[in-house]
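So the structure is just underneath, and the comments pick up after that.
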Amino acid sequence: MNLDVRDFNWWTVKGRIENAKKRLVALGTARIAYHGDESYERQVRDLVDQIEILERPKMTDEEVLANWKARTNELRAAMRKMKGKN
């Protein structure tokens with residue numbers, strides 16, 4: 001087999017997703033023990049967020065740059081607004 005670093009990265013991400021899903025199932029079976037405890041909800045939310053991030057398609061360089069420019073423009077506008085009020 002000819003595997004390179006892209007294959008390794010792909011399998012690593014798939015493994016992390018699978019592990020997070022297994023932990024979700026394990027938490028689901030033990031949820032009665034967490035009744036009334038916020039740590040259960042926090043752990044579930046963290047695992048779901050982790051899965052969403054790992055399954056999200058990768059952004060291209062152009063998308064990252066456009067997103068960065070949009071966020072910096074929003075920040076500049078907010079700073080100008082704050083300076084105008086003070």
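Yes or no: region 34-49 includes at least one residue that is in a helix (DSSP H, G or I), of a type in the set (Phe, Trp, Tyr) and assigned by TED's automatic domain parsing to the domain that holds ALA20. Within region 34-49, one or more residues are in a helix (DSSP H, G or I), of a type in the set (Phe, Trp, Tyr) and assigned by TED's automatic domain parsing to the domain that holds ALA20. Pairing each residue of region 37-50 that is in contact (Cβ under 8 Å) with a residue 12 or more places away in the chain with any residue that is surrounded by fewer than 12 Cβ atoms within 10 Å (Cβ to Cβ) and aliphatic (A, V, I, L, M), provided the two are 6+ apart or on different chains, yields C-beta distances under 9 Å for TYR40/ALA30; TYR40/ALA33. Listed by first and then second residue, the pairs linking a residue in region 9-28 that is not assigned by TED's automatic domain parsing to the domain that holds ARG42 and among the small types (Gly, Ala, Ser) to a residue that is modelled with pLDDT of 95 or more and surrounded by 13 or more Cβ atoms within 10 Å (Cβ to Cβ), with Cβ atoms under 6 Å apart and 6 or more places separating them unless they lie on different chains, form an empty list.
I want to confirm something. Restricting to region 32-64 and keeping residues that are more than 19 Å from the chain's Cα centre (by Cα) and of a type outside the set (Ser, Thr, Tyr), which single residue is farthest from ALA20 (Cα to Cα)? Result: GLU62.
Only one entry in ASP49, ASP7, ASP37 is modelled with pLDDT of 85 or more and surrounded by 11 or more Cβ atoms within 10 Å (Cβ to Cβ), namely ASP49.
The values are calculated or read from the model by the stated rules, or taken from the named source; none is laboratory data. A quick note: this is a predicted structure, and the numbers were derived from the prediction, not measured. Backbone-built Cβ (ideal geometry, glycine too); neighbour counts: all protein chains shown.
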